[in-house]
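The values are calculated or read from the model by the stated rules, or taken from the named source; none is laboratory data. These numbers were taken from a predicted model, which means no experiment stands behind them. Note that we place each Cβ from the backbone using ideal geometry, even for glycine, and neighbour counts take in every protein chain shown.
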């Protein structure tokens, strides 16, 4: 069963993984490897995601889809 909920601190590593893989899949071959690495380090690092979990004006925060059968973020 999949449940969608607001991201929590324990989901940060999974959020980072999904976002980083999506960035790579989108821009590999279009952007330089250095650009991809730099954007991954800038936008998808643990501390930034942790501080962006909560909703603020203009940002809804992160949501995760949790597979309750294996506890992975999808």
- From 36, 49, grab the single residue that is outside any loop (DSSP other than H, G, I, E, B), at pLDDT 95 or above and surrounded by 10 or more Cβ atoms within 10 Å (Cβ to Cβ). 49
- For the subset of the stretch 1-17 comprising residues that are out of contact with any strand residue (DSSP E or B) (no Cβ under 6 Å at 6 or more places or on another chain) and in a helix (DSSP H, G or I), which member is nearest to residue 54 (Cα to Cα)? 9
